[in-house]
Amino acid sequence: MSVIEVNGLTKMYGRTKGIENVSFSVEEGEIFGFIGPNGAGKSTTIRTLLSLIYPTSGSASIFGKDCMKHAPEIKKEIGYLPSEVFYYDNMKVIDLLNYSASFYKKDCSHRIQELADRMDLDLKKKIDDLSFGNKKKVGIVQGLLHSPKLIILDEPTSGLDPLMQQTFFELLKEENQKGATILFSSHILSEVQRLCDRVAIIKEGSLIKVEKISTLKENNYKKFKIETKTKIDPNVFSKAGIKELKTEGNVISFLFKGNLNPILKEIASLDVNNLWIEEPDLEEIFMHFYQRES
Ligand code: ADP
């Protein structure tokens, strides 16, 4: 069964386009990535799913129920972490979390303590005194404390240090193994690759592609940068599969897709000073890989 179904969703903010004709579905038990650069329409889609804003046209359902008509009922089973968490209160963390927990008809106190321990969050502190990263942790605990069936996270990792990010990803994987479905938005492809089964790629309000991460990786360009001791003829790299060949002094760079062995042999025959092989970032994938589709 699809947990989330989005059908031809469009949202206009006056004359500004938020999203246009977006359709996708998320299956039960999936970790689904929602990826695109800033301003692509990720938050707009997510806010519509949570009926925080109303669509201009199209429809969306969660657990088979219309998101607008059944919002209060649906929300009980959702854990949501907004992209920006704002708390102006003079409240203690524990008081805020108990208040959040009071919306659900279950005892969440044990889970709150457990999550706080894992995330290294001091429940006795006042929210005002917390750093940005610690406020984010409060948001995470708030989103997970009722063991929701569906977890929706909007750019959840911004502000978390790498170690905490890892703990957070472990928590999400555990929730997923217990059966939770997860929708995870990000503009950072590498973190989505680590966690998700499938991704929807959104750009300028329109969905470009829904793809398995494994397929995305296979079809991906890698960025090569080679620094040699002496200047070499870039034509040694004029092989099929190479794009954007550039030379700058003793540095050659290019994008490559395909069998790595011939390229590595070519590099091995050079007098190499330094070598970088990197995954392209999302912007580059959009530029070089999705040009046709968009
Ligand atoms: P993302 O979450 O991918 O960064 P958003 O959904 O926030 O993207 O934004 C999509 C588009 O809608 C952007 O062009 C943005 O400027 C516009 N937009 C978002 N929220 C509003 C709003 N409240 N009023 C007007 N335009 C908005």
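State all residues of the range 139-152 that are of a type in the set (A, V, I, L, M) and within 19 Å of the chain's Cα centre (by Cα); if no residue qualifies, say none. The answer is 140, 141, 144, 150, 151, 152. Of all the residues in the range 173-225, those that are of a type in the set (Ser, Thr, Tyr) and surrounded by 16 or more Cβ atoms within 10 Å (Cβ to Cβ) number 5.
Only residues that are of a type in the set (A, V, I, L, M, F, W, C) and farther than 23 Å from residue 169 by Cβ: list them for the range 25-76, please.
Once the filter is applied, which keeps residues that are of a type in the set (A, V, I, L, M, F, W, C) and farther than 23 Å from residue 169 by Cβ, the range 25-76 yields 52, 53, 60, 62, 63, 67, 68, 71, 74.
Determine whether residue 9 is open to solvent by 10 Å² or more (accessible area, probe 1.4 Å) and among the aliphatic types (A, V, I, L, M). For residue 9, the condition - open to solvent by 10 Å² or more (accessible area, probe 1.4 Å) and among the aliphatic types (A, V, I, L, M) - is not met. The residues of the range 154-171 that are at positive phi and surrounded by 20 or more Cβ atoms within 10 Å (Cβ to Cβ) amount to a single one, 155.
Taking residue 101 as the residue in question, decide whether it is over 21 Å from residue 126 (Cα atoms) and either away from the ligand (no atom under 16 Å from the Cβ) or in the same structural domain as residue 210 (by TED's automatic domain parsing) (or both). Give the derivation first.
Values: over 21 Å from residue 126 (Cα atoms): no; either away from the ligand (no atom under 16 Å from the Cβ) or in the same structural domain as residue 210 (by TED's automatic domain parsing) (or both): yes.
So residue 101 does not fit the description; no.
Answer yes or no as to whether residue 244 is in contact with a His (Cβ under 8 Å, 6 or more places away or on another chain), open to solvent by 50 Å² or more (accessible area, probe 1.4 Å), in contact (Cβ under 8 Å) with a residue 40 or more places away in the chain and not assigned by TED's automatic domain parsing to the domain that holds residue 47.
In short, yes.
On the stretch given as the range 19-50, residues that are in a loop (DSSP other than H, G, I, E, B), more than 14 Å from residue 205 (Cα to Cα) and within 16 Å of the ligand (Cβ to nearest atom) total 1. When restricted to residues that are at pLDDT 95 or above and over 26 Å from the mean Cα position of the chain (by Cα), the range 70-92 contains 1.
Can you confirm whether residue 15 is within 16 Å of the ligand (Cβ to nearest atom), without any contact (Cβ under 8 Å) to a residue 40 or more places away in the chain, in contact with a Lys or Arg (Cβ under 9 Å, 6 or more places away or on another chain) and not assigned by TED's automatic domain parsing to the domain that holds residue 102?
Details: within 16 Å of the ligand (Cβ to nearest atom): yes; without any contact (Cβ under 8 Å) to a residue 40 or more places away in the chain: yes; in contact with a Lys or Arg (Cβ under 9 Å, 6 or more places away or on another chain): no; not assigned by TED's automatic domain parsing to the domain that holds residue 102: yes.
Judged against the criteria, residue 15 is not a match.
Residues in the range 1-40 that are small (Gly, Ala, Ser), in contact with a Ser or Thr (Cβ under 8 Å, 6 or more places away or on another chain) and farther than 16 Å from residue 196 by Cα: 2, 8, 18.
Quick one: how many residues across the range 51-69 are away from the ligand (no atom under 13 Å from the Cβ) and either open to solvent by 70 Å² or more (accessible area, probe 1.4 Å) or under 20 Å from residue 182 (Cβ atoms) (or both)? Reasoning before the result, please.
Residues of the range 51-69 away from the ligand (no atom under 13 Å from the Cβ): 51, 57-69.
Add one more test, that the residue is either open to solvent by 70 Å² or more (accessible area, probe 1.4 Å) or under 20 Å from residue 182 (Cβ atoms) (or both), and what stays is 51, 60-65, 67, 69.
The number of residues fulfilling the criteria is 9.
When residue 36 is tested against (1) open to solvent by less than 30 Å² (accessible area, probe 1.4 Å); (2) modelled with pLDDT of 95 or more, only condition (2) is not met.
Hey, among the residues in the range 254-285 that are among the β-branched types (Val, Ile, Thr) and either modelled with pLDDT under 90 or more than 24 Å from the chain's Cα centre (by Cα) (or both), which one's surrounded by the most Cβ atoms within 10 Å (Cβ to Cβ)?
Going residue by residue through the range 254-285, those that are among the β-branched types (Val, Ile, Thr) are 263, 267, 272, 277, 285.
Okay, now just the ones that are also either modelled with pLDDT under 90 or more than 24 Å from the chain's Cα centre (by Cα) (or both), so 263, 267, 272, 285.
Numbers: 263: 20, 267: 18, 272: 12, 285: 18.
Here the answer is 263.
Please work out if residue 123 is over 20 Å from residue 32 (Cα atoms) and at pLDDT 95 or above. Reasoning before the result, please.
Details: over 20 Å from residue 32 (Cα atoms): yes; at pLDDT 95 or above: yes.
Against the criterion (over 20 Å from residue 32 (Cα atoms) and at pLDDT 95 or above), residue 123 qualifies.
You will find that of 205, 179, the residue that is under 19 Å from the mean Cα position of the chain (by Cα) and at pLDDT 95 or above is 205 and no other.
The values are calculated or read from the model by the stated rules, or taken from the named source; none is laboratory data. Keep in mind the model is a prediction, meaning the values are calculated, not measured. Heads up, the Cβs are rebuilt from the backbone with ideal geometry, glycines too, and the neighbour counts pull from every protein chain shown. Ligands, DNA and RNA are stripped out before the accessible areas are found, and what is left, the full protein with its side chains, is counted by its heavy atoms. Shrake-Rupley method; radii C 1.70, N 1.55, O 1.52, S 1.80 Å.
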